[in-house]
Each structure stands twice: as structure tokens, then as C-alpha cells.
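The values are calculated or read from the model by the stated rules, or taken from the named source; none is laboratory data. Everything numeric in this text was worked out from a predicted model, so none of it was measured. Every residue, glycine among them, receives a Cβ derived from its backbone with ideal geometry; neighbour counts consider all protein chains shown. Surface accessibility is based on the protein's heavy atoms, side chains included, excluding ligands, DNA and RNA. Shrake-Rupley method; radii C 1.70, N 1.55, O 1.52, S 1.80 Å.
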Amino acid sequence: MQTDDTSDLILARSPADIDTEEFRATGHALVDAVAAHMERIRDLPVTPGDDPARVWKELGRRSLPDEGAPIGDLFEKAVTLLEQNSLFNGHPRFWGYITASPSPVGLLSDLLASAMNPNCGGWTLSPMASAIELQTVQWLAEFIGYPTPCGGMLVSGGNMANFLGFFAARRAYLGETAREDGIGDRKLTVYTSEATHTWLQKAADVAGLGTHSIRYVRTIDERMDCDALSTLIEADRKGGMEPFLVVATAGTVSTGAVDPLIDIAKVCRREQIWLHVDGAYGAPVAALPEAAEDYRAISQADSVALDPHKWFYAPLEAGCVLVKDPAALEAAFSFRPPYYYFHAEDERVNFYEHGLQNSRGFRALKVWMSLLHLGRQGHVDAIRRDIALTKAMRDSLAMHSQIEIRTCRLSIVTFRYLPQNGSDADELNQRILAQMQVEGRAFVSNAIIDGSFFLRACIVNFRTTVEDVQSLAPIVIDLGQRLDV
């Protein structure tokens, strides 16, 4: 029998619910606040710095409150806290890392996805959302010239997309028995260059291969040397190793270099080794008719990673893995416990069988909406614009004798301020970077090239203008002169 208190709770509205009019009013106010932020973002610093003491003072160190607060007041406070204490990758002078300014259509799509709240782990739980994700995967593949139909899914970002390609390759090589027996004392090896993102060390560790299984192939100008790759593979086979995977990169993090994919694909076919392309950053460039021929060879990869939250301007998080064999991901990840009675027949796809997550949010909607909103040509033009702005930035920097340009590839330019008073170049540019990231006039990152420290700007930003890129040289020179003591 229910107690009186419990009966009252049953009859009352849940504390989690609110009146529709209150929701509407709060939502309208929030959209207005976000729109106002978008209007004034150019006038804000890229970042106020990341002083933890200030952040905690603003937030307040306190225990979880016992009583709730009005929803409108909470959102008003949250907007203030975030706007005054965030780094804005949507700012037109954010050129630090390869995360894009989030597009307006992406922002609204995330709101709609949250409202519908489908669980994209099983078709029955998310029929239209699952179909949209399947279509999004095929459209992304079409955009970069990857063969369709193919397998694939949306994930959190480049790390997870690359992870899934890695594990699909491992399963394809080892076969079904490895699920029960593991890899035992087998000595699997994977080949890549030192310019590859650190996700590969994580994957080798988690997969039980160990980071010593990674063979770092010599590079020439940050591009993998195919002769060295062939030599390493041959030596490892003679030494009792089992080469199973080559990881090539289309757009390295530091400089945007692209491995010689055509030649690497030939090596992989000859040696019967899975080819995975980490195209988290650069794969979309394959859609540009003027792109280098090596981009066309992405179509020959067994799996590819790309990140819509980079050059498709999707809000975080949105990564994607593509696999040539549509069955490869299911072979690697599918288990069917009795408590998941989801039919996998006809065109139904249960994405929980294709990756590491069971419950999955509706990441695909914002990417799908952007693809429809801009179309192929709109996205091609946006990428071209970022690349052109990067060349304009390089030209602006190169006009000043105090600045050395090191590389300019895709939408990344690397450069450094040359000391005028005998300072160490590496130390001076480290100080310039630290001060720039605190002051917030612009935001760049760094690259280590041939052991030297360079500043690095990467444009995946639809808000950046010519005036913005031309502002960087005066900022660097001002900081250099102030700090070169």
C-alpha cells in the first residue's frame, strides 16, 4: 500500500517537467541570447585566458543545492558564465586547432535532435534517425569519392573513427577465433609515420598489441617514404612478425601534409595488408577537382576516418568512419545478447552492432542538415575559401622580414618570429604563443618541425575574413618585440 506522501508524489507533476508556455518562453529567450552572442562574437576576445582561480570564483565552489531554481534564471546565468569564461572556436580569429566554427544549421539541428531524443543504437528505437545516419554516411562517402555502398557510422570524433577502422582491420586479419582466444603471442605490427596523430598509440595499447607494435616509417617532408615502408614490412615478415595494417594520413595535424596514398595503396595491395586512411582533417579536400591526385587514392582504402566537426562545420561532436566492406564493422563488434531483441533484417541496421556504443545520440542530424543546406558545391566552396584565406595569411606574414614562413599546406600555415636581439628562437616563440593565447586577440597553436618550434595557424572557420588574416602579422610582431628581451 502506498503511503500518503507517495500518493501525493504520484498525483503531482514530476519535478522534471515544466509547463509548455514556460518552456517556450525559456527557449525563445535562449535562442535570442545565442543569436546575440553570434552577433557580437567578433567584438569579444577569442579567449579570456584559462585562469582556474577566476573560473572557479565565477562558478563558485559549493555543494549540490537541495532545492531547485527557476529554469529561466538558470539559462540566463549559464549564458553569462559561458560567454565570459570560454574559448570561442566560433570566433573569426580562432585558428588554433582543427575544430570548426559551428554552423547555425548545426546548432539548431542539435536542438531538434535532443528534442526527439532517439536512441540510435537500434533501428526499432530510432527508425528515421537510423535511416538518416545511413544516408549521411553514404553522402559523406560520395563527397570524398569513396565507393558506395559502404559501411560506416557517426562517432564522437577522429579518435573513435580511427579506432573503429583499426579494430575492423584487426578482426579482418585475425578472424573469428580471436574473439575467444585473443591474440596470444602473435606479433602483429602496424605501419605509419611519426606525423600520425596519437590516436594510434591509444589503439595499439587498448587492443593489447602494445605500442612497440607500431613501426614508424621514415618520412620525406612529413610524407611517408614508400620504399622504407616496403623494407620494414619485408624485414618484419622475415623476423616472424605479422604486418596487418598500414595507417596513412590525409592532412597531418602539424602541417597538413598528405602521405603518398597512391603508392602506399600499391604496397598494401601487393602485401595484402589493410589500408586505413586517417583523413579526419584532409579527406574532404578530395571533393575539390583541383586536389592532388593522392586524394583520389582515398577511394582505395579499406577504411577511412573523417570529422564533420572539422570541414563540415558541425558542432562538436561529429566524427565518421567509412569501411569498404559493409560487413566489416559488424564482424568486429556485433554481439547479440537475449535482452536485445532487435531484428536485423531487410534494411534495418542496429548501430550498436557496428561500434563500441550501445546507447547513441543522434549525431547524424546536424551533418545531414548541413549537407542538404549547403549541398556539395556549397561545401566545396567553403573549403576552397578556407584554403584561399590561409594563402592570404601566409602572404601577409611573409611581407615582414621579422617572420619566417615554414610551410603552407591545405589550410595550415606554420611560421615563427625571428629574434632581433639574440634570443633563442624556440623559447621566444613559445613565449609569444603563451601570451597570444592569454590576450585573446587571436588564437594559434604550435608545430614542432625538424626539432624546432613554430607557430601554427589552421583555418576551418567560415567567419574568418581577409581583414582577420591580415591582423595576425601585426599581433605576432607586437608580441615578438615586447618579449624579445
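Things worth noting here:
- The residues of region 235-276 have, on average, 36 Å² of accessible surface per residue, using a 1.4 Å probe with all protein chains present.
- DSSP loop chymotrypsin sites (Phe, Trp or Tyr not before Pro) with at most 10 other Cβ within 10 Å: longest gap in the chain: 1-334
- Accessible-area value, V79, 1.4 Å probe, nucleic acids and ligands omitted, Å²: 40 Å²
- Put simply, the amide H of F462, placed in the peptide plane, has neighbours under 5 Å in S101, leaving out anything fewer than 5 places away on its chain.
- Rg and Dmax of region 258-366, based on Cα coordinates, read 16.5, 52 Å.
- Per residue solvent-accessible surface (Å²) - region 420-485, probe of 1.4 Å: 40 Å²
- Expressed as a whole percent, the proportion of Cα-Cα pairs in region 1-129 lying more than 25 Å apart is 50%.
- Lysine pairs with alpha-carbon atoms under 28 Å apart, the chain, spacing 8 or more or separate chains: 16
- Karplus-derived HN-Hα couplings along region 356-372 (A = 6.51, B = -1.76, C = 1.60, θ = phi - 60°), whole Hz, x at Gly and Pro: 8, 8, 9, 6, 9, x, 8, 5, 5, 4, 5, 6, 4, 5, 5, 4, 6
- Using all pairs of distinct alpha-carbon atoms, the Kirkwood hydrodynamic radius of region 77-137 works out to 14.3 angstrom.
- Percent carbon-and-sulfur accessible area, region 274-328, ignoring ligands, DNA and RNA, probe 1.4 Å: 55 percent
- With loop membership from DSSP and a limit of 14 other Cβ atoms within 10 Å, the longest segment of the chain without GluC sites (Glu not before Pro) is 348-485.
- Amide H contacts under 5 Å for F244, placed H, 5+ residues apart: T189
- Put simply, the convex hull of the Cα atoms in region 310-386 casts, on average, a shadow of 6.8 nm².
- Prolate/oblate/rounded label for region 1-55 (Cα gyration tensor, a/c 1.5): oblate
- 20 Å cut-off, amide nitrogen to a point 7 angstrom out along E234 Cα→Cβ, residues in region 187-221: 189-193, 215-220
- Exposure check, 1.4 Å probe, all protein chains in place: L433 carries approximately 20 Å² of accessible surface.
- Once the 1.4 Å probe is applied to the protein heavy atoms, region 284-372 comes out at 42 Å² accessible per residue.
- The share of Cα pairs per 5 Å bin across region 312-465, counted from zero up to the longest distance, runs 1, 7, 12, 13, 13, 10, 10, 9, 8, 7, 5, 3, 1, 1, 0 percent.
- Here the Karplus relation 6.51 cos²θ - 1.76 cosθ + 1.60, evaluated at θ = phi - 60°, turns the backbone of region 165-182 into coupling constants of x, 4, 6, 5, 5, 4, 5, 5, 7, 7, x, 5, 5, 5, 4, 8, 9, x Hz, with x for every Gly and Pro.
- The string of couplings for region 391-407 from the Karplus curve (6.51, -1.76, 1.60, θ = phi - 60°) is 5, 5, 5, 4, 5, 5, 5, 5, 6, 10, 5, 6, 10, 9, 8, 9, 9 Hz, one whole number per residue in order, with x for Gly and Pro.
- For region 223-322, share of DSSP beta bridges that run antiparallel, in % to the nearest 5: 35 percent
- Among beta bridges identified by DSSP and lying wholly in the chain, the antiparallel ones come to about 60 percent.
- Structure-derived semi-axes √(5λ) of the Cα gyration tensor in Å - corresponding label in (1) 37, 36, 21; (2) 45, 37, 27; (3) 31, 27, 24: (1)
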